[in-house]
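> One structure, as C-alpha cells, below. Some questions next.
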Amino acid sequence: MSRRKPKGRPLDGWLIVDKPPGMTSTDVVNRVKRIFDAQKAGHGGTLDPLATGVLPIAFGAATKTVPYVMDGTKIYRFTLKLGEARDTDDADGAVIETSDVRPSDDQLRAALPAFRGDIMQIPPIFSAIKVAGERAYDMAREGRAPVLEPRPARVDRFELIDRPDADTAVFEVASGKGVYMRSLARDVAKACGTVGHITVLRRLRVGPFLEAASIPLDKLREAEDTAPASPDLLLPVVTALADIPALALTEQEAADLRHGQAISLVALMGRIPGNADPSGGLVRAMAGGRVIGLARLEDGLMKPERVL
C-alpha cells in the first residue's frame, strides 16, 4: 500500500509572527502554514485571541524544540482596567462585578511583591485547562463554570510601568511557563480591594525570540495570493535553544552522545558552563560550532535528551 505523500513543502525552522488581535494562535498557525505551503507547523506558546505580540511558529524539525521554547522566559505588558470584573478576566467577557474603589499607585506597588517568585495561581475559568476531560472554557461557555484549583506559577518580575488615569494601570511581567496574565490582573485588583480585568495584552518575548524579530501577520498575508512565502524568512531550528547554556564536546564525545551514551561530568570538568544546573539542568551540546542536541546533567552524568 503506498503511503500518501504529505501536502506542502518540507520546511524546517522558526518564524516569529507578531500576532494581531482577534485571532486564536491556531488560526495564525493555519494561516502561516498556508502562506508558506508548509507540511508541518505548530506554535510555541498560546496567546489569547485578545492578545498581540510574539508568537513563535515552528516548522518541521523545529516542532521538536517547542517544549524548550515554552520553558523559556516570557515577557508581557498588559493594561488593567480597574473597577470592573469580567467572566473571562479580559475585555472579551461579560461584566460580573463592579467597584468604586480606585487604588493609588503606591497601593498597587505595595501589592506586587506577593505576586513575585513562586506563587500559587487560580487560572481563569475561560482557559484551555482540562477538568475531568473537558476544556474549562467549553464548560464556562455552557454556563457550568468549573472550579479550578490553584497551581504553581513563577513570576520573576512584576512592575507598574504606567498609570494613564485612575481607571487604568499598565504592568510589565517576566514569567516562566503556564502563568496567566489575566489571573495576575484579576488578583492584583482584588489585593487592592477592588476588581479588574485586562483590556490590552502584548507579549514582548518568548525565550530567545524577541519582539524586534517578529513579522506582522499582515505583511505575510500580502504574499498569500502569489507564490508561497520564501523560506529565507525562517530562522534556523537551533535558534530556539539559544537561551540554553552551551557545552563544548570533542568529536568522540559528540559521537558517543549521538549513540545515546551518557558522559561522566568528571570528564567534562572545566567545560561545564557556570549557569548550567548540575542537578537536572539542560545544556546545549556543541561540537565544532554545530549543535549536536540537548543533554541533561544529573547523577554525575550528562545524558542525551534530544539529538537534533
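> Restricting to the stretch 105-142, give me the number of residues that are out of contact with any strand residue (DSSP E or B) (no Cβ under 9 Å at 6 or more places or on another chain) and within 27 Å of Val155 (Cα to Cα). If you could, list the steps in order and put the result at the bottom.
If we filter the stretch 105-142 for residues that are out of contact with any strand residue (DSSP E or B) (no Cβ under 9 Å at 6 or more places or on another chain), which is where we start, we get 106-107, 110-111, 114, 125, 130-135, 137-138, 140-142.
Of the ones still in play, those that are also within 27 Å of Val155 (Cα to Cα) are 106-107, 110-111, 114, 125, 130-131, 135, 137, 140.
The number of residues fulfilling the criteria is 11.
> Now for a different question. If I filter the stretch 171-216 down to residues being out of contact with any strand residue (DSSP E or B) (no Cβ under 7 Å at 6 or more places or on another chain) and without any contact (Cβ under 8 Å) to a residue 60 or more places away in the chain, which single residue comes out as nearest to Thr65 (Cα to Cα)?
Ala212
> Looking at Ile272, Ile263, which is the one that is in contact with a helix residue (DSSP H, G or I) (Cβ under 6 Å, 6 or more places away or on another chain) and either assigned by TED's automatic domain parsing to the domain that holds Val66 or over 18 Å from Pro67 (Cβ atoms) (or both)? Write out each step before concluding.
Numbers: Ile272 fails: in contact with a helix residue (DSSP H, G or I) (Cβ under 6 Å, 6 or more places away or on another chain).
Step by step, each of Ile272, Ile263 is checked, and only Ile263 is in contact with a helix residue (DSSP H, G or I) (Cβ under 6 Å, 6 or more places away or on another chain) and either assigned by TED's automatic domain parsing to the domain that holds Val66 or over 18 Å from Pro67 (Cβ atoms) (or both).
> Further question on the same structure: Mind listing whichever residues of the stretch 61-117 are surrounded by 14 or more Cβ atoms within 10 Å (Cβ to Cβ) and at positive phi?
Selection gives Gly83, Asp89.
> Within the stretch 276-308, track down each residue that is of a type in the set (Val, Ile, Thr) and at pLDDT below 90.
Correct list: Val291, Ile292, Val307.
> If you don't mind, there's one more thing I want to ask. Can you name the condition, by its number, that Lys219 falls short on among (1) among the charged types (D, E, K, R); (2) assigned by TED's automatic domain parsing to the domain that holds Thr52; (3) in contact (Cβ under 8 Å) with a residue 24 or more places away in the chain?
With (1) among the charged types (D, E, K, R); (2) assigned by TED's automatic domain parsing to the domain that holds Thr52; (3) in contact (Cβ under 8 Å) with a residue 24 or more places away in the chain applied to Lys219, the lone miss is (3).
> Take residues that are modelled with pLDDT under 95 and within 16 Å of Met181 (Cβ to Cβ) and tell me which of the helices (runs of 4 or more DSSP H) falling wholly in the stretch 7-119 contain 1 or more. Quick ask: steps written out before the conclusion?
Values: elements: 25-36, 66-70, 105-111.
Hits in the stretch 7-119: 25-36, 66-70.
> Looking only at the stretch 109-134, count every residue that is of a type outside the set (A, V, I, L, M) and either farther than 18 Å from Asp90 by Cα or touching a Cys at 6+ places or on another chain (Cβ under 6 Å) (or both) and tell me the total.
Residues of the stretch 109-134 that are of a type outside the set (A, V, I, L, M), as a first pass: 109, 113, 115-118, 121, 123-124, 126-127, 130, 133-134.
Narrowing further to those that are either farther than 18 Å from Asp90 by Cα or touching a Cys at 6+ places or on another chain (Cβ under 6 Å) (or both): 109, 113, 115-118, 130, 133-134.
Residues that pass the stated criteria total 9.
> Look at the stretch 187-201 and say how many of its residues are crowded, with 20+ Cβ neighbours inside 10 Å and within 10 Å of Pro103 (Cα to Cα). Working first, answer last.
Step one: of the stretch 187-201, the residues crowded, with 20+ Cβ neighbours inside 10 Å are 188-189, 192, 194-198, 201.
Now restrict to residues that are within 10 Å of Pro103 (Cα to Cα): 189, 192, 194.
Residues in the stretch 187-201 being crowded, with 20+ Cβ neighbours inside 10 Å and within 10 Å of Pro103 (Cα to Cα): 3 in total.
> Taking only pairs six or more apart or across chains, which ones have beta-carbon atoms under 8 Å, a first residue in the stretch 128-143 that is of a type outside the set (D, E, K, R), and a second residue that is surrounded by 13 or more Cβ atoms within 10 Å (Cβ to Cβ) and part of a helix (DSSP H, G or I)?
Ala128/Ala136; Ala128/Tyr137; Ile129/Ala136; Val131/Met139
> Would you point out the residue of the stretch 137-179, among those that are modelled with pLDDT of 95 or more and not in a strand (DSSP E or B), that is surrounded by the most Cβ atoms within 10 Å (Cβ to Cβ)?
Asp167
> If you don't mind, there's one more thing I want to ask. Would you call Phe209 surrounded by 18 or more Cβ atoms within 10 Å (Cβ to Cβ) and in contact with a Phe, Trp or Tyr (Cβ under 6 Å, 6 or more places away or on another chain)? Step through it out loud before you land on a result.
Details: surrounded by 18 or more Cβ atoms within 10 Å (Cβ to Cβ): yes; in contact with a Phe, Trp or Tyr (Cβ under 6 Å, 6 or more places away or on another chain): no.
Answer is no for this residue.
> Provide a single number: the residues in the stretch 11-43 that are among the charged types (D, E, K, R), within 18 Å of the chain's Cα centre (by Cα) and closer than 15 Å to Lys219 by Cβ. Break it down into steps so the answer makes sense when it comes.
To start, the set of residues in the stretch 11-43 that are among the charged types (D, E, K, R) comprises 12, 18-19, 27, 31, 33-34, 37, 40.
Okay, now just the ones that are also within 18 Å of the chain's Cα centre (by Cα), so 18-19, 27.
From what is left, the residues that are closer than 15 Å to Lys219 by Cβ are 18-19.
Qualifying residue count for the region: 2.
> All but one of (1) of a type in the set (Ser, Thr, Tyr); (2) in contact with a Phe, Trp or Tyr (Cβ under 9 Å, 6 or more places away or on another chain); (3) modelled with pLDDT of 90 or more hold for Ser214; state the number of the condition that does not hold.
Looking at each condition in turn, Ser214 falls short on (2).
> Please specify each residue of the stretch 121-175 satisfying the condition of being hydrophobic (A, V, I, L, M, F, W, C) and closer than 21 Å to Cys192 by Cβ. Lay out the reasoning, then the answer.
Applying the first criterion (hydrophobic (A, V, I, L, M, F, W, C)) to the stretch 121-175 yields 122, 125-126, 128-129, 131-132, 136, 139-140, 145, 147-148, 153, 155, 158, 160-161, 166, 169-171, 173-174.
Residues satisfying the conditions are Ile122, Ala153, Val155, Phe158, Leu160, Ile161, Ala166, Ala169, Val170, Phe171, Val173.
> Which one of these does His43 not meet: (1) farther than 30 Å from Asp165 by Cβ; (2) buried (at least 17 other Cβ atoms within 10 Å of the Cβ); (3) in contact (Cβ under 8 Å) with a residue 24 or more places away in the chain?
Result: His43 fails condition (3) only.
> Could you check how many residues of the stretch 256-302 are exposed (fewer than 15 other Cβ atoms within 10 Å of the Cβ) and touching a residue at least 40 places away in the same chain (Cβ under 8 Å)?
The total comes to 2.
> Is it true that Pro231 is under 21 Å from Ala61 (Cα atoms), surrounded by fewer than 20 Cβ atoms within 10 Å (Cβ to Cβ) and assigned by TED's automatic domain parsing to the domain that holds Ala62?
On the way: under 21 Å from Ala61 (Cα atoms): yes; surrounded by fewer than 20 Cβ atoms within 10 Å (Cβ to Cβ): yes; assigned by TED's automatic domain parsing to the domain that holds Ala62: yes.
Here the answer is yes, as Pro231 does meet what is asked.
The values are calculated or read from the model by the stated rules, or taken from the named source; none is laboratory data. Computed from a predicted structure; not experimentally measured. When we count neighbours, we look across all protein chains shown, and the Cβ atoms used for this are built from the backbone with ideal geometry, even at glycine.
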